[in-house]
């Protein structure tokens, strides 16, 4: 993308309403614009990151064998009355009356509707296991929306639901989701720690939240320092393998890690004092096993091997997709702006032309742009007639992890400058080597010449 | 995907409520399930096609230089009061009151909000031209939703908005959209004819609707038969080139083609009688130029070259994304089911194992599945223990354009059967040749061995 043709409305001033750094930078980098309280438009740069995160989630869900669907945002109140949640949900549910005076609502979560889909079609244990998920806009009418996309009213969320014959099978689904989420967050450059959680209004005995450590986190967290050394890494997992998934669960949840909601001083005391850590954390996902709570309420039964009709065991599993942008920025920024992890960066690198209009500089930039694009990468080329300082400030603010700087002086020596946003370190090297380095960083194969 | 692990709830019975063929087949093929009147859940097969259509639209919009954003579904009523449309819109607008008693609405279209985004950031003619678009869920509270996704209440739509300094520039944007839409529909296997349209409630002097000919279309259409010979084809277009885009517009709109709303008997009489055709058509898109209607109402002005503040010239451009699934099926089916065009088929081909459990048949199917998958294609492998007749019926119903049938008898002779869903013609050939044919059809490069 050429910046002269893009829509990147960066702000010089820090918006007064933004209290936390991710909100400030998302506004200043032209990623979002508030439409009304707690409701945002996603401008091009923000939408691009949102899609990258969405794509990673879809890929990882497919790897785990989960199947994507899409449920509507507007639902009838009927199913929610059947489950008993219509009255229980309170004012956070956005309630709507349609032109025929029917009670509708903007869905905050979809246990009822997905269970209705299941019960309409599935009759036999032979069709299990089954996990359906969606990535869809949700609405919760928060009384005081704040912190930008971190606590908005309209938000984008991945919500998945497993249907299994037995508790044992459903706990495998639970473990499978835990493993899948670990992979998912790591691909986004995040360390998200599974912490024992409280069932809350959805209920459930087994539940973990995934928390990203950040000073601005809404929860106080207590953990054994050994936990931050764990990496999922490149290990191969067979998601059908019960033992493998169980082993990962045990590895990642056997050490103490809890939020203030579930913190237990007695257990905490058993953690060696030199490994006790307290910090703040941002919740970016949660997994639940809640058994037959909804299948019994909504009569979602299958025939088991003996011919008996039994309610299915279920769980639900969520990732806060729009919230993740905030969490990533909270975890990865400096005083100049955002620092995107390579996995979610909106553009793979920036190209800064120090002297727009200079024939050689223009030609070198165009060549870099064409070569990188041909490799399937997306560079953002700042081709505007601006001072170098302004171009650098914009690149730092929007946080592309790599920048190639091109100017007449370097070109005389046959070099451009490759700069890491994270370390600030620069290196002079010939343009083709800069391309090779970027290609290597992103794992893109370069044709031999 | 292996069918044994997929969620494809096909129905044997034709649902009583479905009056048109696309609605019947979408229900029977397990693509959608009604959640409430005019509101659907998209089951895995339907969601997959929806995403393919969405991807094509994003690719073609990028080619035309248009920039994706995402606006929220829930908007404040304030902007709609500013434009005067809040009261004018009538009962089709879903009106909502939030917990703080503020008037909100589920957006049926986004001229107001996108204009607000524009006016918040853009000050100068130098930042033009600009076209922003989104693909987002919309809601229109139809009094009698019907025909499945063809006239639903919650629907998925691409809506784009151009901002230009002059009428001339805005008409180039109009032409650019027309060209882009022609390419977009052709990639989906559709012939969508631009027809002169009526401005309607959005207003506008220049507007064309795109109609797909189908017996169940809601509009009566009148056209010169020469128009159906026009193909956009593989021609290279420079979307910045005003003359090229204008020439395409003239080529595709100079012959008579109108709906009953704009039909003019006097002009119609000039079409040679042997070329006059009447038919029915389904609207799948519309483009508008409406000048300064919204920019004046909402004060979206820029500084022009003389320093004067002038309202921008705008247009809006829509594609009915969810509706397109219905339109494609109406245009491409037979009495056995859907016939997907290759560009939007949910899976590239089916693999039918005639004797599941037979070692050789199983191995041959697995090898085909692995080879096709390695090529980046998505086969749907029917690995269930079902009779061949049932497997064929399912494949015909869900409409994958190509089927590879594998059975012990053929394998003895070293062959499988490749069948075209469209023609019904079958050919026996060695498995590797079947793969080569599928790869060729989808333009996938096969490595030399």
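Only the coordinates and a few stated rules stand behind these numbers; no lab work does. Note that the coordinates shown come from a computational prediction; the quantities given were computed from them, not determined experimentally. Glycine also receives a Cβ, built like all others from the backbone with ideal geometry; neighbour counts cover every protein chain displayed.
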Q) When each pair of different Cα atoms in the protein assembly as shown is counted once in the 1/r mean, what is the Kirkwood radius in angstroms, to one decimal? A) 29.4
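Regarding region B:334-449, what is the average projected area of its C-alpha convex hull, in nm²? Display every interim value, and only then the final one.
Working: hull surface 27.4 nm².
Answer in nm², one decimal: 6.8.
Take peptide A:1-9, look around each residue's Cβ out to 10 angstrom, count Cβ atoms belonging to other protein chains, and average those counts.
Values: counts 3, 1, 0, 2, 5, 2, 12, 2, 6.
Mean partner shielding for this stretch: 4.
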Q: Kindly put A:215, B:159 in sequence by how many other C-beta atoms sit within 10 Å of each C-beta, fewest to most.
A: A:215, B:159
**Q.** Helix A:167-187 vs. chain A, principal-axis angle (Cα, 0 to 90°, nearest 10)
**A.** 10
**Q.** Counting DSSP beta bridges with both ends in chain A, the antiparallel % (nearest 5)
**A.** 85
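Which value in Å does the Kirkwood hydrodynamic radius of chain B take, with 1/r averaged over all unlike C-alpha pairs and then inverted? Write out the running numbers ahead of the final one.
Values: mean 1/r = 0.0417 Å⁻¹.
That comes to 24.0 Å for chain B.
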(Q) Quick one: the Cα spread of region A:16-59 along its three principal axes, in angstroms, biggest first? (A) 38, 20, 16
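Within region B:339-449, what percent of beta bridges assigned by DSSP are antiparallel, to the nearest 5? Display every interim value, and only then the final one.
Values: 8 of 16 bridges.
Here the antiparallel bridges make up roughly 50 percent for region B:339-449.
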Q) Which shape class applies to region A:312-402: rounded if a/c is under 1.5, otherwise prolate when a/b exceeds b/c and oblate if not, where a ≥ b ≥ c are the square roots of the Cα gyration tensor eigenvalues? A) oblate
Q) How much FRET efficiency would the formula 1/(1 + (r/R0)^6) give for residue A:4 and residue B:441, where r is the Cβ-Cβ distance and R0 is 41 Å, rounded to 0.05? A) 0.55
Q) GNM, chain A, Cα, under 10 Å: largest mean-square fluctuation among A:209, A:234, A:342? A) A:234
(Q) Can you give me the C-alpha center-to-center distance between region B:169-200 and region A:217-264, rounded to a whole angstrom? (A) 52
Q) Separation between the residue B:433 and residue B:242 pseudo-spin-labels, each 7 Å from Cα along Cα→Cβ, expressed in nm? A) 5.6
Q: Compute the acute angle (0 to 90°) between the alpha-carbon long axis of helix A:242-253 and the principal axis of greatest extent of the alpha-carbon atoms of chain A; round to the nearest 10°.
A: 70
**Q.** Pairwise FRET efficiency - residue A:16 versus residue A:267, Cβ, R0 = 35 Å, nearest 0.05
**A.** 0.20
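Please arrange B:196, A:409, B:5, B:421 by how many other C-beta atoms lie within 10 Å of their C-beta, fewest to most. Please report the intermediate quantities before stating the final value.
Values: B:196 18, A:409 10, B:5 13, B:421 24.
In order of increasing Cβ crowding within 10 Å: A:409, B:5, B:196, B:421.
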Q) Taking every pair of alpha-carbon atoms in region B:171-273, what share in percent sits in each 10 Å bin, from 0 to the bin with the longest distance? A) 14, 46, 34, 7
Q: For chain B, with a Gaussian network of springs between Cα atoms less than 10 Å apart, report the residue from B:216, B:253, B:97 with the top mean-square fluctuation.
A: B:97
Q. Between region A:350-425 and region B:415-449, what's the alpha-carbon centroid distance in Å?
A. 46
(Q) Connecting C-alpha atoms closer than 10 Å in a GNM of chain B, tell me which of B:164, B:335, B:101 has the biggest fluctuation. (A) B:101
Q | Cα-based helix-to-principal-axis angle, B:111-121 vs chain B, degrees rounded to 10 | A | 70
**Q.** Gap separating the Cα centres of region A:1-71 and region B:103-127, nearest whole Å
**A.** 17
Q. Given label points at 7 Å from Cα along Cα→Cβ, what nm distances, shortest first, separate residue A:228 from the same residue in every other copy?
A. 7.0
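Run lengths n ≥ 4 of DSSP H only: what is the helix-derived mean residue ellipticity at 222 nm for chain B, with -39500 (n - 2.57) per run over all residues, to the nearest 500? Working shown, then result.
Working: 14 runs with 145 residues, N = 449.
Only helices count here, giving -9500 deg cm²/dmol.
Can you give the mean number of other chain Cβ atoms that lie within 10 Å of the Cβ atoms in peptide A:95-101?
On the way: counts 4, 9, 4, 10, 10, 4, 0.
Mean shielding by partner chains, rounded to a whole number: 6.
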Q) What nm distance separates the two modelled labels at residue A:59 and residue B:144, each placed 7 Å from Cα along Cα→Cβ? A) 4.9
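With the cut-off at 1.5 for a/c, could you classify region B:244-347 from its C-alpha gyration tensor as rounded, prolate or oblate? Numbers along the way, then the final one.
Numbers: a/c = 2.72, a/b = 1.52, b/c = 1.79.
Taking the square roots of the gyration eigenvalues as a ≥ b ≥ c, region B:244-347 is oblate.
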Q. Does anything in region A:299-336 have its amide N under 17 Å from the 7 Å Cα→Cβ label point of residue A:422, and if so which residues?
A. A:328-336
(Q) I need the peptides B:150-157, A:422-429 ranked by packing, meaning the mean over residues of other C-beta atoms within 10 angstrom, with the highest value on top. (A) B:150-157, A:422-429
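When Cβ neighbours within 10 Å are restricted to other protein chains, what is their mean count per residue of peptide A:73-81? It would help to have the intermediate numbers written out before the result.
Numbers: counts 7, 13, 5, 4, 1, 1, 2, 0, 0.
Per residue, the average neighbour count from other chains is 4.
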